[in-house]
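Heads up, the thing below is written out as structure tokens.
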Amino acid sequence: MSFANANISDIMATTIESRTRKIADNVTNNNAILKRMSTKGRIKNFSGGYKILQELSFAENSNAGWYSGYDLLPVGVSDVISAAEFNIKQAAVPVIISGLEQLQNAGREQMIDLMESRLSVAESTIANLITGGLYSDGTGAGGKAIDGLQAALPIDPTAAPYGGIDGATFTFWQNQVKDSANTTTLQADWNELWANLVRGQDRPDLIMVDSLAWQAYVASLQAQQRFSNTNMADAGFNSIKFMDADVVLDGGIYNGSLGSGAPATTAFFLNTDYLHYRPHSARNMVPLSPNRRYATNQDAEVQIIAWAGNLTCSGRMFQGRWDGAA
């Protein structure tokens, strides 16, 4: 009789595999930005390629115009479609079982229970990693982090190319920014920023704020002006309204300490019609390998939950950033 479970690798891999969809969904549901993009169909897998291409329209069709009777109509080629290019970023979290734990949990049910508890920790860990990455500028971990909102919506949109397009050269690729000396002018600042982001029915639908910006905004409201969104509340996010956009606090706790992944005293005015979460179809919270992985100098075995993809944007001009600490 064998005390250690000889099929531990199979149990680990199949348990992770069976939870792949659940883990991916939990990551999506863990963050208001991803939740909103999910409801709008802005989460789209990609299947390969050197980079992630995000198609975008950067100009109007120059052939459009008025005519009368037998006027000749222009039919020249009008180059209006391009694509931003984003690097494929990768993330992983290991699930480890020691040799002693294999001996102590020799029964299949015991091992599955152990796997479930380890996977629950791994789920929340990678969910928090990606949630924090959504706010990154893409330079974290030596440039391996997601190109998050600080990359898409920097304070200076002309400082560096984003998605391979230089905002200093192409004005359509500049996000809107409103700097403030402090939070006392928040209402006027937000009104101005909002107006700069509206084009017909295109307008922000989600405003993500850190704790300080949230407190400043709530303090600026009269009691009768506080409107909540039951849809966001049903999804587990506490929100109030600015115009018709949801203002969502992105947590007072992040990575075990106070604060969130969002930069301090900052509000991101997002038009999620032009934001996209692009995981790889073959690497969206899946076991990295079904084979056994042994530590070379430890009595332990590991399976790795892996993810690859990035956050992309197809309309940078429709995104805005308010900085109340400038």
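Things to note:
- When residues of segment 46-85 are limited to those that are under 28 Å from residue 284 (Cα atoms) and in a loop (DSSP other than H, G, I, E, B), the one modelled with the highest pLDDT: 51
- Among (1) in contact (Cβ under 8 Å) with a residue 40 or more places away in the chain; (2) of a type in the set (D, E, K, R); (3) under 26 Å from residue 277 (Cα atoms) - the single one residue 116 does not satisfy: (3)
- Apart from one condition, residue 122 fits all of (1) modelled with pLDDT under 70; (2) crowded, with 18+ Cβ neighbours inside 10 Å; the exception is (1).
- Residue in segment 164-178 that is assigned to a helix (DSSP H, G or I), modelled with pLDDT of 85 or more and surrounded by fewer than 20 Cβ atoms within 10 Å (Cβ to Cβ) present: yes
- Filter result (in a strand (DSSP E or B) and modelled with pLDDT of 90 or more) within segment 304-326: 307, 308, 309, 310, 311, 312, 313, 320, 321, 322, 323
- Under the condition of being at pLDDT below 80 and either over 25 Å from residue 289 (Cα atoms) or in contact with an Asp or Glu (Cβ under 6 Å, 6 or more places away or on another chain) (or both), the residues counted in segment 9-45 number 4.
Listed here are the residues, each with its yes/no results for (1) surrounded by fewer than 21 Cβ atoms within 10 Å (Cβ to Cβ); (2) of a type in the set (Val, Ile, Thr); (3) touching a residue at least 24 places away in the same chain (Cβ under 8 Å).
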| site | (1), (2), (3) |
| --- | --- |
| 149 | no, no, yes |
| 184 | yes, yes, no |
| 192 | yes, no, no |
| 195 | yes, no, no |
| 209 | no, yes, yes |
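- Selection of segment 22-37 for residues being charged (D, E, K, R) and either under 18 Å from residue 283 (Cα atoms) or not in a helix (DSSP H, G or I) (or both) yields 22, 25.
- Only one of the numbered conditions (1) in a helix (DSSP H, G or I); (2) at pLDDT 95 or above is not met by residue 113, and that is (2).
The values are calculated or read from the model by the stated rules, or taken from the named source; none is laboratory data. Keep in mind the model is a prediction, meaning the values are calculated, not measured. Note that each Cβ is placed from the backbone with ideal geometry, even for glycine, and that neighbours are counted across all protein chains shown.
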